[in-house]
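A short write-up of the structure that comes next.
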Amino acid sequence: MYDTIIIGAGMSGLAAGIRLAYYDQRVCILERHTTIGGLNSFYRLNGRNFDVGLHAITNFTPRGTKKGPLALLLRQLRLGWEEFALAPQVGSRIAFPGVKLDFTNDFELFRSEVRRAFPAERDNFERFVAQVADYDDLDLPLADRSAREVLGETIRDPLLIEMLFCPLMYYGSAREHDMDFGQFSIMFRSIFMEGLARPLAGVRLILKTLVRRFKELGGELRLRAGVDRLHVEGDRVAGVVLEDGTEILGRRVLSSAGWLETMRLCDQPATVSPRDPGELSFIESISVLDTPPRQLGYDRTILFYNDSETFHWRKPDAMCDVRSGVVCSPNNFAYEQPLDEGILRITSLANFDRWAALSEDEYRLEKLRWYDRAVASAVRFLPDFRQRVIATDMFTPTTIRRFTGHVNGAVYGAPDKVKDGTTHLKNLFICGTDQGWVGIIGSIVSGISMANRHLLVAE
């Protein structure tokens with residue numbers, strides 16, 4: 001009998017496991033796959049290491065900072081700042097036709113860029129920044145309001161509004177066209193007012209650090225242990241049944257699989273409020289270059305681009321929508337030593353249904369076609385690197401579905417979040433994307449906060 005069974009060895013599940021193990025709970029983490037991390041994972045292909053999902057870690061603050069999500073999670077998990085070995089970004093950009101806004105981890109640069117590009121919005125932007133800085137996570141009426149509506153009350157230039165939405169939606173919006181103002185404020189602070197960073201070794205360093213600490217504390221991690229169903233008796237989960245038929249008993253269950261996905265595991269359907277699944281998914285192409293991107297004239301860490309004055313954030317009708325996208329160069333962080341090869345990653349919106357309907361041969365062909373189209377779109381905003389490519393790979397919405405289990409391959413899960421992490425069952429709780437926190441830091445904080453709130457209390 002375990003004190004807590006955790007479904008999923010992603011960032012939130014591992015963080016929750018560590019937190020509980022510190023308090024002598026007997027914890028078992030179940031992972032369907034042969035490796036950890038979910039979408040934020042890593043793999044090796046043709047002798048090269050690739051990250052999956054990681055562009056940059058948000059919420060970066062310098063060593064010694066006492067406040068903020070990064071400092072919080074390090075304290076709660078009792079990890080040293082150096083264990084994540086984070087290197088800050090060199091500098092990023094939002095690019096729309098005729099307008100560019102650069103930003104770094106020093107918010108003053110972004111402030112000055114907005115003043116330069118939108119001088120008439122100088123005072124309005126300052127009022128908006130003050131509103132975001134003062135935003136209280138517990139102000140639920142404001143948190144649930146439309147971010148477009150709130151911004152429109154302060155900022156008058158529609159182009160500036162679109163340029164602010166572009167990076168925040170790409171890095172954290174499960175909702176089409178809009179965001180809740182609470183989520184918008186969290187993302188604005190995490191990207192612009194705190195910042196971006198990355199370990200030289202990529203996401204594998206963070207995952208291995210979390211797993212090592214979990215096991216040091218006596219936690220049990222089972223790979224290839226997919227959950228077939230949750231056996232429900234009355235108002236509680238009585239047991240977790242694995243795909244091989246093994247039943248595991250635990251006093252509480254914490255699932256990072258997603259709200260809808262977790263409800264579908266319950267073998268006794270309950271009358272619960274229906275929630276629409278997420279629809280927003282991505283393709284991501286990875287190009288390995290024979291030279292660092294800086295040598296080609298590209299020195300940005302992240303580039304968020306859009307080819308018109310209106311930013312479209314919706315499930316595309318076609319296979320993909322390459323009118324906008326995100327370019328990340330893992331080379332362009334302030335490492336003490338350079339990466340071995342140049343890498344550029346390009347992310348664009350994609351339609352899960354169209355990708356899932358393909359035969360195996362069609363799938364391979366469409367990957368080649370959309371790699372070319374995504375790159376062709378991106379090189380309108382950065383130096384053309386296509387002649388320097390020596391290797392490629394690409395993941396699609398079906399890849400996301402396979403490694404996360406998310407319905408529709410929805411990267412950020414369902415649009416309506418379960419912010420308190422509770423379900424209709426007294427001993428079943430949710431953490432991760434559908435609890436409301438996104439990104440690596442957000443996922444870790446979600447696991448910690450749900451463990452603290454629900455699993456470190458006496459029944």
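Quick notes on this structure:
- If the condition is being more than 17 Å from LEU217 (Cα to Cα), polar (S, T, N, Q) and out of contact with any Leu (no Cβ under 6 Å at 6 or more places or on another chain), then the range 21-39 contributes only THR35.
- The single residue among GLU220, GLU279, GLU233 that is surrounded by fewer than 23 Cβ atoms within 10 Å (Cβ to Cβ) and either touching a Gly at 6+ places or on another chain (Cβ under 6 Å) or under 26 Å from ARG19 (Cβ atoms) (or both) turns out to be GLU220.
- Subset tally (residues that are crowded, with 24+ Cβ neighbours inside 10 Å, part of a helix (DSSP H, G or I) and either at positive phi or of a type in the set (Gly, Ala, Ser) (or both)) for the range 397-441: 2
- Every listed requirement among (1) surrounded by fewer than 20 Cβ atoms within 10 Å (Cβ to Cβ); (2) more than 28 Å from ARG345 (Cα to Cα); (3) in contact (Cβ under 8 Å) with a residue 24 or more places away in the chain is met by GLN25 save one, (1).
- Within the range 374-396, no residue satisfies the criterion of being assigned to a helix (DSSP H, G or I) and at pLDDT below 95.
- Any hit, the range 235-257, residues being closer than 25 Å to ASP416 by Cα, outside the structural domain of THR398 (by TED's automatic domain parsing), without any contact (Cβ under 8 Å) to a residue 60 or more places away in the chain and part of a strand (DSSP E or B): no
- Of the listed requirements (1) crowded, with 24+ Cβ neighbours inside 10 Å; (2) in contact with a helix residue (DSSP H, G or I) (Cβ under 9 Å, 6 or more places away or on another chain); (3) not acidic (Asp, Glu), LEU207 misses just one: (1).
- For the range 216-275, a tally of residues being on the phi > 0 side of the Ramachandran plot and among the basic types (Lys, Arg) returns 1.
- Every residue from the range 58-95 that is within 13 Å of THR209 (Cα to Cα) and not aliphatic (A, V, I, L, M): ARG78, GLY80, TRP81, GLU82, GLU83, PHE84
- Residues being out of contact with any Leu (no Cβ under 7 Å at 6 or more places or on another chain) and either at pLDDT below 95 or within 25 Å of GLU194 (Cα to Cα) (or both) - total across the range 427-439: 8
- Of the strands (runs of 3 or more DSSP E) that lie entirely inside the range 1-71, those containing 1 or more residues that are at pLDDT below 95 span 41-45, 48-52.
- Of the residues contained in the range 29-51, one or more are found to be farther than 30 Å from VAL227 by Cα and in contact (Cβ under 8 Å) with a residue 24 or more places away in the chain.
- The set of residues from the range 10-20 being touching a Leu at 6+ places or on another chain (Cβ under 6 Å) and either within 30 Å of VAL288 (Cβ to Cβ) or hydroxyl-bearing (Ser, Thr, Tyr) (or both) comprises just one member, LEU14.
- Flag for ARG275 being assigned to a strand (DSSP E or B) and either farther than 30 Å from ARG93 by Cβ or out of contact with any Leu (no Cβ under 7 Å at 6 or more places or on another chain) (or both): no
- When restricted to residues that are out of contact with any His (no Cβ under 6 Å at 6 or more places or on another chain) and either assigned to a strand (DSSP E or B) or of a type in the set (Gly, Ala, Ser) (or both), the range 323-349 contains 16.
- Residue check, ASN351 outside the structural domain of LEU39 (by TED's automatic domain parsing), closer than 30 Å to ALA225 by Cα and surrounded by 15 or more Cβ atoms within 10 Å (Cβ to Cβ): yes
- Residue match in the range 251-259 (condition: of a type in the set (A, V, I, L, M, F, W, C) and either in contact with a Pro (Cβ under 8 Å, 6 or more places away or on another chain) or under 19 Å from ASP384 (Cβ atoms) (or both)): no
- Residue, nearest to the chain's Cα centre (by Cα), within the range 328-353, restricted to residues that are among the aliphatic types (A, V, I, L, M) and closer than 16 Å to LEU382 by Cα: ILE346
The values are calculated or read from the model by the stated rules, or taken from the named source; none is laboratory data. Computed from a prediction, not measured in an experiment: that's the story for all the values here. In this analysis, Cβ positions are derived from the backbone assuming ideal geometry, glycine residues included, and neighbour counts consider all displayed protein chains.
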